[in-house]
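**Q** My structure is below; once you've seen it, I'll send some questions.
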Amino acid sequence: MEEFHLSLSQCVVLRYHWIEPFVRSLRERLAAFHRFFCVADQVKVYTNQNKTRTFIGLEVSAGHFQLLELVSEVDGVLEEFDLPTFYKDPSFHISLAWCVGDLSGRLEGQCLRELQDIVDGFEESAFLLRIQWEQIRCKSGNKYFSFPLR
């Protein structure tokens, strides 16, 4: 992966004339949020909705509540524009690798346990898997918008 991220929404299409008011609404709704830490240390296999890609990710084990609060605000903005909101019970995660197709059955079980053992055995894992949230970013086309947390 070129850049790691954790999604707070599904991918949506914004019409060009929506971008500025969408970003403004996000900025207003996220302004009160403070920085926080989360831990992503549980290896998990994911597939996209139509099962055309498989991902190996690190699921968040601490910080879930703060992420749900952020999603609630992002969902509010999406609803303003009649766009789909995030999943009902999200599994917050950072994707590490992906491949084409549904290979979840081949990766579950022994392979997943071995990957978890590697993560657990990494001597600096407690430090590296702890993430400080300092900003939220929104990408629209080739533009990025940043919303610093207090």
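The values are calculated or read from the model by the stated rules, or taken from the named source; none is laboratory data. Since the structure is predicted, the reported quantities are computational estimates derived from the model, not experimental observations. Cβ placement follows ideal geometry from the backbone for every residue including glycine, while neighbour counts extend to all protein chains displayed. The area values use the complete protein model at the heavy-atom level, side chains included, leaving out ligands, DNA and RNA. Shrake-Rupley method; radii C 1.70, N 1.55, O 1.52, S 1.80 Å.
The rows are residues; the columns are (1) part of a helix (DSSP H, G or I); (2) more than 13 Å from the chain's Cα centre (by Cα); (3) over 25 Å from PHE145 (Cα atoms).
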site	(1), (2), (3)
ILE19	yes, yes, no
ARG29	yes, yes, no
PHE37	no, yes, no
VAL60	no, no, no
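**Q** Kindly indicate which of PHE81, PHE86, PHE65 is more than 20 Å from the chain's Cα centre (by Cα) and under 26 Å from PHE22 (Cβ atoms). Even if it seems obvious, please write down each step before you answer.
**A** Working: PHE86 fails: more than 20 Å from the chain's Cα centre (by Cα); PHE65 fails: more than 20 Å from the chain's Cα centre (by Cα).
Unique residue meeting the criteria: PHE81.
**Q** How many of the residues making up the stretch 71-117 are exposed (fewer than 12 other Cβ atoms within 10 Å of the Cβ), free of Cβ contacts under 8 Å to residues at least 40 places away in the same chain and closer than 19 Å to ALA40 by Cβ?
**A** Within the stretch 71-117, residues that are exposed (fewer than 12 other Cβ atoms within 10 Å of the Cβ), free of Cβ contacts under 8 Å to residues at least 40 places away in the same chain and closer than 19 Å to ALA40 by Cβ number 4.
**Q** All but one of (1) closer than 26 Å to GLU134 by Cα; (2) under 17 Å from the mean Cα position of the chain (by Cα); (3) of a type outside the set (Phe, Trp, Tyr) hold for SER25; state the number of the condition that does not hold.
**A** (2)
**Q** Touching an Asp or Glu at 6+ places or on another chain (Cβ under 9 Å), more than 17 Å from LEU30 (Cβ to Cβ), open to solvent by less than 100 Å² (accessible area, probe 1.4 Å) and acidic (Asp, Glu), is that true of GLU59? Please lay out each step first, then the result.
**A** Numbers: touching an Asp or Glu at 6+ places or on another chain (Cβ under 9 Å): yes; more than 17 Å from LEU30 (Cβ to Cβ): yes; open to solvent by less than 100 Å² (accessible area, probe 1.4 Å): yes; acidic (Asp, Glu): yes.
Answer is yes for this residue.
**Q** Does PHE147 qualify as being in a strand (DSSP E or B) and either modelled with pLDDT of 95 or more or charged (D, E, K, R) (or both)? Even if it seems obvious, please write down each step before you answer.
**A** Details: in a strand (DSSP E or B): yes; either modelled with pLDDT of 95 or more or charged (D, E, K, R) (or both): yes.
The answer is yes for PHE147.
**Q** Six or more apart or on different chains, Cβ atoms under 6 Å: show the pairs whose first residue is in the stretch 6-32 and aliphatic (A, V, I, L, M) and whose second is at pLDDT below 95.
**A** Cβ pairs passing all conditions: LEU6/ILE94; LEU14/SER140; ILE19/SER140.
**Q** Could you tell me which residue of the stretch 9-49 is most open to solvent (accessible area, probe 1.4 Å), considering only residues that are charged (D, E, K, R) and closer than 16 Å to SER72 by Cα?
**A** Step one: filter the stretch 9-49 for residues charged (D, E, K, R), giving 15, 20, 24, 27-29, 35, 41, 44.
Now drop any that are not closer than 16 Å to SER72 by Cα, which leaves 27-29.
Details: ARG27: 113, GLU28: 129, ARG29: 82 Å².
Residue satisfying both the conditions and the ranking: GLU28.
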